[in-house]
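Peer 1: Before I ask anything, here is the structure I am working with.
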Amino acid sequence: MTSNKEEGRGDTVHIATYGCQMNRRDSEIISSMLVGAGYRIVDSAEEARVIVFNTCCVRENAEERVYGRLGQLKSFKELRPGTILAVGGCMAQKDGAAVLKRAPWTDLVFGVHALYALPDLLEKVRAGQGPLVSVPEHPRPMVSQSGFCRREPGVRAWISVMEGCNNFCAYCVVPHVRGPERSKPPELVIEEVRSAVADGYKEVFLLGQNVNSYGADLAPRTGFPKLLELVNEVDGVGRIRFTTSHPKDFSPELVDTIASLDHVCEHVHLPLQAGADRVLESMNRGYTLDEYVSRIEMLRSKVPGVGLTTDIIAGFPGETESDFQRTVCALETIRYDGAYIFKYSTRPGTAASRLDRAVPHETVVRRHAELLELQKTISKEKIGAAVGKEDEVLVEEVSRRDSGLVKGHTRDYRVAVLEGDDSLIGKAIPVRIVGVDKFTLQAEPLQCSAVLTAGS
Ligand code: SF4
């Protein structure tokens, strides 16, 4: 969960964000709109008159955390009449009025497609028209977000380039709540990148549920590789990253583009989900393990040293022990730098929720733990191999754990620390990796004169 704080005038509002980077960007938009409407952002729910939850519904435990927090705020609200509770985002889109059944003290439920209506909806609640539920089914348009200039502090600017998904993976609720794919026209993306660069951001992170199919709905069609080229040409742009890629749309052209553009970082997050073709088919993923591996080989041959991370689901319905062993084997063979490994979580309304042959809970827990342990070993070995090599760290912040250290990411998206103070924030520093502490690289600048500002 993240929060977004700023001094201002007027009524206080606290925004609590759950879930993915797309939600983090949506919360920046909420924050921009509400500050524009006269609210003052505060860092805790307890000091706010308006509390906004921007929620996630990808896994059941993300929802339970929100309902748990809403439960805690019931008595707080009784003690502070006039406090407004607003629940937005993916869970609100999915549950709609059902949120009011579970937490009747909620004043406003607004779905993802009602995002831009939030200030007006809050005004209606303040005027006594609550509780309100606004969950339009029609997807919100991809408008320019340049005007929503409040961003999380730091060096990284999140930029949504597309929204929605057409893939309907069997376990995933995203297409049901975010709607079909809509791409933001390239000129609007470029306008936002320029504005982020002008505001001093050193890295732009392009976001979409499936960025590889960017532009399929645009006329004339502009593919994702072309979009990367256009962003790469923006004057003063620093690092460029993107997520999420879908293996079935991960094209040779995109690999060549990553290899050739100097601002695009050498890191790809490519969710595998499972190692058995039978399970991949049942998940409706659209590729086999062999096809996936051939894309990885192509990527690694053209972008040497590329950082590779993935998502894995343990215990999808019908996953046998031999299917699971194929996932184990895939992790051992591909050797990712990192992996997000999840226990399968049934999402109502998805195709997988109608499958029988659920894997017993204790088996899911055991497989999840085994995969975590295996990946931990691989990640340790891989990060250990970086010692002695030269790299570049974009400094993002002063380390909270150790005074005298600053923290950032290498181009292949590993966390690194080095000696320094806040004067280094925003600088891309050529370094040598001199050690590893758990999963953090310890780096030393190569030479002071080589310190560059990212984008220069
Ligand atoms: S590609 Fe699959 S997992 Fe990703 S958002 Fe779309 S449906 Fe969900």
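Peer 1: Return the total of residues in the stretch 211-224 being within 16 Å of His246 (Cβ to Cβ) and either assigned to a loop (DSSP other than H, G, I, E, B) or open to solvent by 10 Å² or more (accessible area, probe 1.4 Å) (or both).
Peer 2: Going through the stretch 211-224 one residue at a time, the tally reaches 7.
Peer 1: Give me a count of the residues in the stretch 143-174 that are within 16 Å of the ligand (Cβ to nearest atom) and either farther than 30 Å from Phe342 by Cα or among the aromatic types (Phe, Trp, Tyr) (or both).
Peer 2: Qualifying residue count, the stretch 143-174: 2.
Peer 1: Output the residues belonging to the stretch 233-264 that are under 21 Å from the mean Cα position of the chain (by Cα) and acidic (Asp, Glu).
Peer 2: Asp249
Peer 1: Give the residue that is surrounded by the fewest Cβ atoms within 10 Å (Cβ to Cβ), with candidates limited to residues of the stretch 139-182 that are in contact with a Ser or Thr (Cβ under 8 Å, 6 or more places away or on another chain) and outside any loop (DSSP other than H, G, I, E, B).
Peer 2: Top of the filtered list is His176.
Peer 1: Working carefully through the options Leu227, Leu207, Leu218, find the one that is more than 16 Å from the ligand (Cβ to nearest atom) and in contact (Cβ under 8 Å) with a residue 60 or more places away in the chain.
Peer 2: The match here is Leu227.
Peer 1: Any idea which of (1) at pLDDT 95 or above; (2) open to solvent by 20 Å² or more (accessible area, probe 1.4 Å); (3) away from the ligand (no atom under 16 Å from the Cβ); (4) more than 20 Å from the chain's Cα centre (by Cα) is the one His267 doesn't satisfy?
Peer 2: (4)
Peer 1: Another question, then. Any residue at all in the stretch 186-196 that is crowded, with 21+ Cβ neighbours inside 10 Å, within 16 Å of the ligand (Cβ to nearest atom) and touching a residue at least 12 places away in the same chain (Cβ under 8 Å)?
Peer 2: Within the stretch 186-196, none of the residues are crowded, with 21+ Cβ neighbours inside 10 Å, within 16 Å of the ligand (Cβ to nearest atom) and touching a residue at least 12 places away in the same chain (Cβ under 8 Å).
Peer 1: Right, something else. I need the full set of residues from the stretch 286-305 which are in contact (Cβ under 8 Å) with a residue 40 or more places away in the chain and either open to solvent by 10 Å² or more (accessible area, probe 1.4 Å) or not in a loop (DSSP other than H, G, I, E, B) (or both), in order please.
Peer 2: Passing the criteria: Gly286, Tyr287, Leu289, Glu291, Tyr292, Val293, Arg295, Met298, Leu299, Lys302, Gly305.
Peer 1: Where in the stretch 2-109 are there strands (runs of 3 or more DSSP E), lying wholly inside it, with at least 2 residues that are of a type in the set (Ser, Thr, Tyr)?
Peer 2: 12-17
Peer 1: Which of the numbered conditions does Asp249 fail, given that it passes all the others? Conditions: (1) at pLDDT 95 or above; (2) among the charged types (D, E, K, R); (3) within 16 Å of the ligand (Cβ to nearest atom).
Peer 2: Condition not satisfied by Asp249: (1).
Peer 1: Related question: Only one of (1) surrounded by 23 or more Cβ atoms within 10 Å (Cβ to Cβ); (2) away from the ligand (no atom under 16 Å from the Cβ) fails for Phe242. Which number is that?
Peer 2: Result: Phe242 passes all but (2).
Peer 1: A follow-up question, please. Out of Val279, Val237, I need the residue that is of a type in the set (A, V, I, L, M, F, W, C) and in contact with a His (Cβ under 9 Å, 6 or more places away or on another chain). Which one?
Peer 2: Val237
Peer 1: Taking the condition of being more than 14 Å from the ligand (Cβ to nearest atom) and closer than 15 Å to Ile334 by Cβ, how many residues in the stretch 278-291 meet it?
Peer 2: Final tally of qualifying residues: 4.
Peer 1: If the requirement is being within 27 Å of the chain's Cα centre (by Cα), open to solvent by 30 Å² or more (accessible area, probe 1.4 Å) and at pLDDT 95 or above, which of these qualifies: Val109, Val50, Val133, Val87?
Peer 2: Val133
The values are calculated or read from the model by the stated rules, or taken from the named source; none is laboratory data. Quantities reported herein were computed from a predicted structural model and do not represent experimental measurements. FYI the Cβ positions are ideal-geometry reconstructions off the backbone, even for glycines, and counts take in every protein chain you see. Please note that ligands, DNA and RNA were not included when accessible areas were found on the heavy atoms of the full protein model with its side chains. Shrake-Rupley method; radii C 1.70, N 1.55, O 1.52, S 1.80 Å.
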